[in-house]
Number of protein chains: 2
Amino acid sequence: MTAPQSGAQRPLPAAFIDAMSTRFGARFTLSEAVRAHHGHDESHFPDALPDAVVFVHSTEETAAVVRCCREFAVPVIAFGTGSSLEGHILPVRGGISVDFSEMNKVLDIRVADLDVVVQPGVTRKQLNAELHGTGLFFPIDPGADASLGGMAATRASGTNAVRYGTMRENVLGLTAVMADGSVIHTGGRARKSSAGYDLTRLLIGSEGTLGLITELAVRLHPLPEAVSAAVCAFPDVVSAVNTVIQTIQLGIPVARIELVDDLTVKALNRYSKTSLREAPMLFFEFHGTPASVEEQARTVQDVAGEYGGLDFEWAHRPEDRSRLWAARHDVYFASINLRPGCRGLTTDVCVPISRLADCVGATRADIDASGLIAPIVGHVGDGNFHTVILVAPHDDAEIARAEALNRRIVERALEMGGTCTGEHGIGFGKQGFMLREHGAPAIEVMRQIKRALDPDDLLNPGKILPPG
Amino acid sequence: MTAPQSGAQRPLPAAFIDAMSTRFGARFTLSEAVRAHHGHDESHFPDALPDAVVFVHSTEETAAVVRCCREFAVPVIAFGTGSSLEGHILPVRGGISVDFSEMNKVLDIRVADLDVVVQPGVTRKQLNAELHGTGLFFPIDPGADASLGGMAATRASGTNAVRYGTMRENVLGLTAVMADGSVIHTGGRARKSSAGYDLTRLLIGSEGTLGLITELAVRLHPLPEAVSAAVCAFPDVVSAVNTVIQTIQLGIPVARIELVDDLTVKALNRYSKTSLREAPMLFFEFHGTPASVEEQARTVQDVAGEYGGLDFEWAHRPEDRSRLWAARHDVYFASINLRPGCRGLTTDVCVPISRLADCVGATRADIDASGLIAPIVGHVGDGNFHTVILVAPHDDAEIARAEALNRRIVERALEMGGTCTGEHGIGFGKQGFMLREHGAPAIEVMRQIKRALDPDDLLNPGKILPPG
């Protein structure tokens, strides 16, 4: 995988700069510092600065930006919080970054319908804070405090997906600006519809290459009456994964079921000052009525016991639960901290659950053989897991080894009927796997759609679809 | 709404007939009887016969049919069981009907992964019969014993959608033949993926206008350990609907929650020899462990009590449950039987649940004012309900009044933020509502997609997208 080309292909036309400055004033900027902030995400790819940044305040303004960019053939890259992991927001062919962070209003909380309309710059934590007191919550929780627009664009999920689904299942409708500057409204407020092509799902996961999301309606869920959490250590990763498989097959509606391997536990103990047994562990959370939560937990404890689970530890009190899940959420930074100054190259395969134990076991062996440091952590209820491969930022040889390891992990997942990315998206970093995963005819259909909706290739060019 | 044009636009070219006969032998037929069978669905629209019918046995053969049709510019209409309700399978511009009923094998039941691969002609009842003994079931149950290919093509759902989702949520991946004869594989076996455009969801609900589905992988669910059912009568429809709303808002994971109005109960008592109180009723089903089912049922009984629910009646024994749900499944035929010889014009709106009581109440008033007979029945947990407007098949004036009533019902649902179709699809019958529901820019995007993927308009032409 080569690094993306950085910076502009040609300087911005003066007339474009004039038009944008006239319309947006100081909200359109060529400042080096602002461009630098929009020139990197959480991936290990080198920075690639946009030629300018514009901070939009409305759908209208976004459409005006797209029309102006179209007139001058300037690429347009949507920017939320910059927490993408595959270079999604890097302007690899230059162009301007459209920053949605100032479109961050929660517009309409509809308690009776269990849904909410938000602007795309609202982050998941902000949304849950604003839902305080309504009895509802928004469950999707990628590692970062991402924006909802970005989460929709990458089809994000997180630890709750096993019960509550991903962005695919939780977005009811969108407003989006298309490449020709038109504004479309997709979906609606009804829970289901059979009325025509599913433009909502087409835009979800399209990473800003088909349209720019300027408003979203998303589902909310009732806060469970009771919540209980538990951790359990296992003699090995395979035993932990087998516990997961049986839990899912029994139909237990577990809300979260997360794997951390022994290396991750070691990292956590060091970083978060916990004193967990340094063995592979599962973190569970159960949602429901008090009786149902207790019943779920008891059943899972029995299953874990069958697979040699040790130290099944309960956390009934909110503060204990928070401590436990804070540790789980620290995993990324705890992992990075194993090797100060490094960056993480994060893998993201997802496989059918029947293959998960084999896949995780073989991945561990690959990592050990590679000599690289890479903790494993996963949303194993969905068959999705990550390795965080720690690399020195400027050590090209090491990065190449990490990329080779990533390739091996992806190839195995694909052989098992899985996907190269469960929740992070393709961006720039995983384009090389698209053809292998989908086959040439399906890639050609994706290209036909891209060409039909964005004939001049202005929207986030150079992403998702492999070159050629 | 005018009736579709019936029959061919021009005779099939002799060379086309030769080519198809050579390849398919007796499985390609011009027989009047076979064409007649493929010239009507369950809608009230007049018959429109295809010019020929071909019975395919494989993806390969389907691709060969499409390539041959493309060569001779002959329209291609996919046919499952013919149970569509909006004229989906009517060849309004002539062409050939591709019958998938002989592609009806369950290919691979993967118990450990809770999924199954099927050919598109497998029906939902056949699938559940073949799943017997696995501990798994397929929950999606439209009224008819539809084929899974057809259910995917119309984004179907049914009584279990409130808990288990629709075809949108339950299809993992598809094989499809596109208009150029290419074969694509979408999705995969992983539970989630962020790898590129969601072609699976684009094909689901596309009603054979973008591609022909020749294989599906669908999710299965563990058979619940315990099942309990109940019926409860209410003083009026609004009280029943308010019980539904509160049940959903409390987050009770009810598996089914169905409304039948008093007229429907009267029809059922007459047709199914039941002796239910002739008042609006809710039918419930609860899935889970014995303890959780009992807890759910107790909570719902309390809620129903708050809204004046009467005669809350339990059905714990399988035979009592079957009797109850058999009655619910008889609704369509019981309704038709209220007026022997008539056909049903079935409405299908879906609204945000906060508007459901208003919507159902106003719909009842509209029906009463119209002088037409139209029982109301609905999957109210999703905000979706049907009226079955009984019309004499050849009484154009009465059909026009029924269509006017349907329009009023749809317009109200759209004003409430709902959709013209929750689960039946657009076909020919609801094209007139597409522009109003989606707006011109979104319709233009749908047209761009259709033109890109089927530039010669060969796949089920004249459906979904309004003319013009």
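The values are calculated or read from the model by the stated rules, or taken from the named source; none is laboratory data. Just so it is clear, the structure is predicted and the values come from calculations on it, not from any experiment. Cβ: placed from backbone, ideal geometry, glycine included. Neighbour counts: every protein chain shown. Calculation scope for accessible area: heavy atoms of the full protein, side chains included, ligands and nucleic acids excluded. Shrake-Rupley method; radii C 1.70, N 1.55, O 1.52, S 1.80 Å.
Observations on the model:
- In summary, A:Val231 fulfils each of the numbered conditions (1) open to solvent by less than 10 Å² (accessible area, probe 1.4 Å); (2) outside the structural domain of A:Trp314 (by TED's automatic domain parsing); (3) at pLDDT below 95 with the single exception of condition (2).
- A:Phe45 open to solvent by less than 30 Å² (accessible area, probe 1.4 Å) and not assigned by TED's automatic domain parsing to the domain that holds A:Ile336: yes
- Among (1) in contact (Cβ under 8 Å) with a residue 40 or more places away in the chain; (2) within 9 Å of another protein chain (Cβ to nearest Cβ); (3) open to solvent by 10 Å² or more (accessible area, probe 1.4 Å), the one test that B:Leu202 misses: (3)
- Condition met for A:Ile252 (under 28 Å from A:Leu276 (Cβ atoms), surrounded by fewer than 24 Cβ atoms within 10 Å (Cβ to Cβ) and either within 10 Å of another protein chain (Cβ to nearest Cβ) or in contact with an Asp or Glu (Cβ under 9 Å, 6 or more places away or on another chain) (or both)): yes
- Hits in segment A:120-153 (condition: outside any helix (DSSP H, G or I) and open to solvent by less than 20 Å² (accessible area, probe 1.4 Å)): A:Pro120, A:Gly121, A:Val122, A:Leu131, A:Leu136, A:Phe138, A:Pro139, A:Ile140, A:Asp141, A:Ala146, A:Ser147
- Of the residues making up segment A:422-449, those that are closer than 16 Å to B:Ile449 by Cβ, open to solvent by 20 Å² or more (accessible area, probe 1.4 Å) and within 8 Å of chain B (Cβ to nearest Cβ) number 2.
- Some residue of segment B:174-181 being more than 15 Å from the chain's Cα centre (by Cα), more than 12 Å from every other protein chain (Cβ to nearest Cβ) and over 30 Å from A:His424 (Cα atoms): no
- Some residue of segment A:344-357 being in contact with a helix residue (DSSP H, G or I) (Cβ under 7 Å, 6 or more places away or on another chain) and away from chain B (no Cβ under 14 Å): yes
- Output for segment A:367-377, where each listed residue is surrounded by fewer than 20 Cβ atoms within 10 Å (Cβ to Cβ) and either touching a strand residue (DSSP E or B) at 6+ places or on another chain (Cβ under 9 Å) or closer than 11 Å to A:Val237 by Cβ (or both): A:Ser370, A:Leu372, A:Ile373
- Close contacts from segment A:301-326, counting a first residue that is within 22 Å of A:Pro235 (Cα to Cα) and a second that is exposed (fewer than 15 other Cβ atoms within 10 Å of the Cβ), with Cβ to Cβ under 7 Å and a gap of 6+ residues or different chains, come to A:Gly308/A:Pro235.
- Across segment A:205-242, the qualifying residues are those that are within 14 Å of another protein chain (Cβ to nearest Cβ) and in a helix (DSSP H, G or I), and the one among them that is nearest to A:Gly149 (Cα to Cα) is A:Val241.
- Residue match in segment B:451-464 (condition: in a strand (DSSP E or B) and more than 8 Å from chain A (Cβ to nearest Cβ)): yes
- Qualifying residue in segment A:386-399 (condition: assigned by TED's automatic domain parsing to the domain that holds A:His329, on the phi > 0 side of the Ramachandran plot, open to solvent by 20 Å² or more (accessible area, probe 1.4 Å) and part of a loop (DSSP other than H, G, I, E, B)): no
- Checking each residue in segment B:54-64 for being buried (at least 23 other Cβ atoms within 10 Å of the Cβ) and among the hydrophobic types (A, V, I, L, M, F, W, C) picks out B:Val54, B:Val56.
- Tabulated pairs, segment B:133-157, first under 19 Å from B:His287 (Cβ atoms), second aromatic (Phe, Trp, Tyr) and open to solvent by 10 Å² or more (accessible area, probe 1.4 Å), C-beta under 8 angstrom, 6+ apart or interchain: B:Pro139/B:Tyr164; B:Ile140/B:Tyr164
- Residues that are modelled with pLDDT of 90 or more and open to solvent by less than 70 Å² (accessible area, probe 1.4 Å) number at least 1 in the following helices (runs of 4 or more DSSP H) confined to segment A:288-360: A:290-306, A:331-336.
- Flag if A:Arg10 is open to solvent by 60 Å² or more (accessible area, probe 1.4 Å) and part of a loop (DSSP other than H, G, I, E, B): yes
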